[in-house]
Each structure stands twice: as C-alpha cells, then as structure tokens.
Amino acid sequence: MPATRPLPSRGPGGPAPGAMRFSSALVVFLYLWGSFSAQEQKKEESTEEVKIEVLYRPENCSKTSKKGDLLNAHYDGYLASDGSKFYCSRTQNEGHPKWFVLGVGQVIKGLDVAMMGMCPGEKRKVIIPPEFAYGKEGYEEGKIPPDATLIFEIELYAVTKGPRSVETFKQIDTDNDRQLSKTEISHFLKREFEKDEKPRDKSYQNAVLEDIFKKNDHNGDGFISPKEYNVYQHDEL
C-alpha cells in the first residue's frame, strides 16, 4: 500500500520503498498520519468526465463508499485505444484485493471519482480520460502512453471506516478531552505496531510519533485537535 497509490496513480501496484516492511493496515495508518507521503498529483484542466457503468449492484446496500473510507477491491486496467491490459490487481500481493483510502490520492483521480458511492459487492466498468489518469506524460515509457484514456473493471469487496474516522479519534482520546496528546497517540501506536509482522523498537516508534506531531500539530500546542485530525471531512467530532 501506500505511498505510491495502489494502482495507477504513481505506478501500477508497488508500494513505496520502505513500505514493504509493514503490514497493510499499519502502512495505511502511517500514510494517513503523514509518515509516508505521496507525491503530489499534477492538476490539469478537465475537459471530460469519468464515465461509470454499474455492472452489478447488490439489492441490499445499506452502506456506500465515501471520501476517507478504507476500501478493499480488485480492479483490472485496460487501454481504451486497443483494449490491452496494463494492470491486474489479482497478480499483485499474492492475489489479495487492494486496501486503500478513498478520495485522498492513493489511486489516480479517476478511480477516486469512480469509486464514490459504491456498495460492497458492487461491480463497475469505468472510463477515465487522461486528465483524471496520467495526462500528457503517460507512465513507464509506453506502458501507458501520453494522453491515454483508461478503462477499469472494478469489484468492491469491503467498505470500512478509515483510520481518521470519528471512531478512531475517540478510541485514541482515552481521557475524552477532545484532543490527542503525545501520550495517547504513543499508546495507540504501540498497540498498532504490536499487530505488525515485524514489531519495531521504542526508538523507531518515538521517531514516528515525532513525525506525526510535526506534520499534524499545526498550531504547535502539543496536541492534535479534532480540526487538525479530521482532514478527510468525516462526520463532525
């Protein structure tokens, strides 16, 4: 997961250097606190829209995806020009579906748009214009040529609360004072690191903690407020 968006955003599939040491859940957690940073996506003038075709939608759909949710999905990518497949998530990570956070730039802009409002179990076919994909530069010397329109077939498996959900804030905020202290986040980090396949020593955890506060404690008061925490516009804290 992570710093280079699951698929097409910075390149089909691969995690950023250093990210492979961590479990998927922990990488997502660190990414959203700014400990793994993605490159900025270039902004281009949009002349077309993402086209969405719903191939299958479950009758029972009580929950749909929104910005900030953690999604689990498979998707295949094709060039619209000749139908050739340039990406298949089933060939990555031993065939496991991809985990990523919706609407925060972990995938190309077109997929962030195309996967809004999806139900678990839903399948979509989407057409993404160059402005919402790799633009005039393309990707990886011809794998995705400049100004390429892309087609994705997507199957969504799960929609869960993202790491910056209201529930997670309340879980970290053990004294219920509506702000997160270094002690509270340190304890939370310790629990998260203990779940990882390769636990880190205390010095590494401290370095992550300092990095979190450097990038999130905008007013420098030693606490992370609801406003500083809630960057993905979940329900009000």
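Points worth noting:
- Using a simple spin-label model with pseudo-atoms 7 Å out from Cα toward Cβ, GLU49 and TYR157 lie 3.2 nm apart.
- ³J(HN,Hα) computed for each position of region 218-223 - Karplus, 6.51 cos²θ - 1.76 cosθ + 1.60, integer Hz, glycine/proline x: 5, 8, x, 8, x, 9
- Pairs of Cα atoms farther than 16 Å apart, region 54-97, %: 60 percent
- Surface accessible to a 1.4 Å probe, THR183 within the full protein complex, Å²: 80 Å²
- Built amide H within the under 5 Å cut-off of ILE144, gap 5+: TYR139
- Area accessible to solvent at VAL166, 1.4 Å probe radius, in Å²: 20 Å²
- Between HIS218 and SER203, the contour length at 0.36 nm per residue exceeds the alpha carbon distance by 3.0 nm.
- In order along region 55-70, the phi-based Karplus estimate (6.51 cos²θ - 1.76 cosθ + 1.60, θ = phi - 60°) of 3J(HN,Hα) comes to 7, 7, 9, x, 4, 8, 9, 8, 9, 10, 6, 9, 3, x, 6, 8 Hz; Gly and Pro are listed as x.
- When the inverse distances between all different Cα atoms of region 135-220 are averaged and flipped, the Kirkwood radius reads 16.7 angstrom.
- Cross-linked pairs LYS66/LYS182; LYS63/LYS215; LYS67/LYS136; LYS66/LYS215; LYS98/LYS182; LYS98/LYS123: Cα-Cα separations exceed 21 Å for LYS66/LYS182; LYS63/LYS215; LYS67/LYS136; LYS66/LYS215; LYS98/LYS182.
- Rough spin-label spacing in nm, given labels placed 7 Å along Cα→Cβ, for ALA80 and LYS66: 3.0 nm
- Think of each Lys and Arg Cβ as +1 and each Asp and Glu Cβ as -1; about the Cα centre, that makes the dipole of region 136-215 roughly 400 debye.
- Summarising the label geometry, the points placed 7 Å from Cα in the beta-carbon direction at GLU140 and VAL166 lie 4.1 nm from one another.
- The convex hull around the C-alpha trace of region 80-172, projected and averaged over every direction, spans 7.4 square nanometres.
The values are calculated or read from the model by the stated rules, or taken from the named source; none is laboratory data. Note that the structure is a prediction, hence the values are computed from the model and not measured. Reconstructed Cβ throughout: ideal geometry from the backbone, glycine too, with neighbour counts over all protein chains shown. Each accessible area value is taken on the protein alone, full model and side chains, heavy atoms only, with ligands, DNA and RNA left out. Shrake-Rupley method; radii C 1.70, N 1.55, O 1.52, S 1.80 Å.
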